[in-house]
Amino acid sequence: MRISALFMLFTAMIWIAPTAAENKTSKSFQIYPGVTMDFALITAGVFEMGSPDDEEGHRPEQGPLHTVEISHTFWLGIHEVTQAQWIGVMGDNPSYFKSDSLNPVEMLDYATALAFLAKLNTHAGKEIYRLPTEAEWEYACRAGTETRFYHGVATDGVEDYAWCRDNSGKRTHPVAQKEPNPWGLYDMNGNVWEWCHDWYGEDYYDTEPIVDPTGPAFGKYRVVRGGSWGSLAGQCSSPHRAYSLAEKGTSMFGLRVVRVEE
């Protein structure tokens, strides 16, 4: 759904991303018998998605910077799905790094991630669990910030918030061990890449403001976001985009769950 740039500009002036204090509500839900998951409530707002051409680390696929409205409230897992949670739902553990059940589950291709969500929805009796859209993901990752990283502009300090190539020891680590972003979300940067709903757009972003984008109608690749244990610090920035064949699952690919607000 597209609306005029003038209207969006006016909207952005009066309705911006919530502050940390306004958007730091969390709740634990039983997602499956014997399995709970903690979610943060992400309220509606407007933000600037992508990065400007002159921002350090800018890549063409991260632009142009454009206004996005997230018109709805949703719950987002405060951390990536763990191996313990996965085992509790699926009964197996596909992960390569199995030393700790609180490590994020990985070795997931896109279809396998969807199978997990389908099982949650079957148990719930309705479609309330899904992957985040790319726009929802970046909105939640930024958490009201406008800088390259939610902790600031420089790669110095990334290691306090993310498991990346510089500090991971070439492996995953238990979730929620690093500092959270202002909205109480852990590991939005690093540990494992997180599958998003969207197909990857070969033409990058449009310049026009947009409401609740869901990506192209079709494509060759699916979007992954956030960086991983094998990523350079700069690849763990809020606007950084990556993609993969949907059929590819590696020890760097996991997921984070959206629960639809009821």
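The values are calculated or read from the model by the stated rules, or taken from the named source; none is laboratory data. Quick caveat: nothing in here was measured; it's all calculated off a predicted structure. Note that each Cβ is placed from the backbone with ideal geometry, even for glycine, and that neighbours are counted across all protein chains shown. Just the protein is used for accessible areas: all its heavy atoms, side chains included, with ligands, DNA and RNA removed. Shrake-Rupley method; radii C 1.70, N 1.55, O 1.52, S 1.80 Å.
Name the residues in region 86-100 that are in a loop (DSSP other than H, G, I, E, B) and open to solvent by 60 Å² or more (accessible area, probe 1.4 Å), would you? Full working, then the answer.
Of all residues in region 86-100, those in a loop (DSSP other than H, G, I, E, B) come to 91-100.
Of everything in region 86-100, those that are in a loop (DSSP other than H, G, I, E, B) and open to solvent by 60 Å² or more (accessible area, probe 1.4 Å) turn out to be GLY91, ASP92, TYR96, LYS98, SER99.
Looking at region 136-143, is at least one residue over 18 Å from VAL105 (Cβ atoms), in contact with a Gly (Cβ under 8 Å, 6 or more places away or on another chain) and open to solvent by 30 Å² or more (accessible area, probe 1.4 Å)?
Checked region 136-143: no residue is over 18 Å from VAL105 (Cβ atoms), in contact with a Gly (Cβ under 8 Å, 6 or more places away or on another chain) and open to solvent by 30 Å² or more (accessible area, probe 1.4 Å).
Can you tell me which condition MET107 does not meet? The list is (1) over 15 Å from TRP193 (Cβ atoms); (2) open to solvent by 50 Å² or more (accessible area, probe 1.4 Å), and all the others hold.
(1)
Are there any pairs with C-beta distances below 7 angstrom linking a residue in region 172-198 that is acidic (Asp, Glu) to a residue that is at pLDDT below 95 and not in a loop (DSSP other than H, G, I, E, B), with the two at least 6 apart or on different chains, and if so which?
Cβ pairs passing all conditions: GLU179/ASP160.
With a cut-off of at least 2 residues that are at pLDDT 90 or above and open to solvent by 70 Å² or more (accessible area, probe 1.4 Å), name the strands (runs of 3 or more DSSP E) lying wholly within region 1-62. Give the steps one after another, and end with the answer.
Values: elements: 26-32, 35-42, 45-49.
Of the strands (runs of 3 or more DSSP E) lying wholly inside region 1-62, those with at least 2 residues that are at pLDDT 90 or above and open to solvent by 70 Å² or more (accessible area, probe 1.4 Å) span 26-32.
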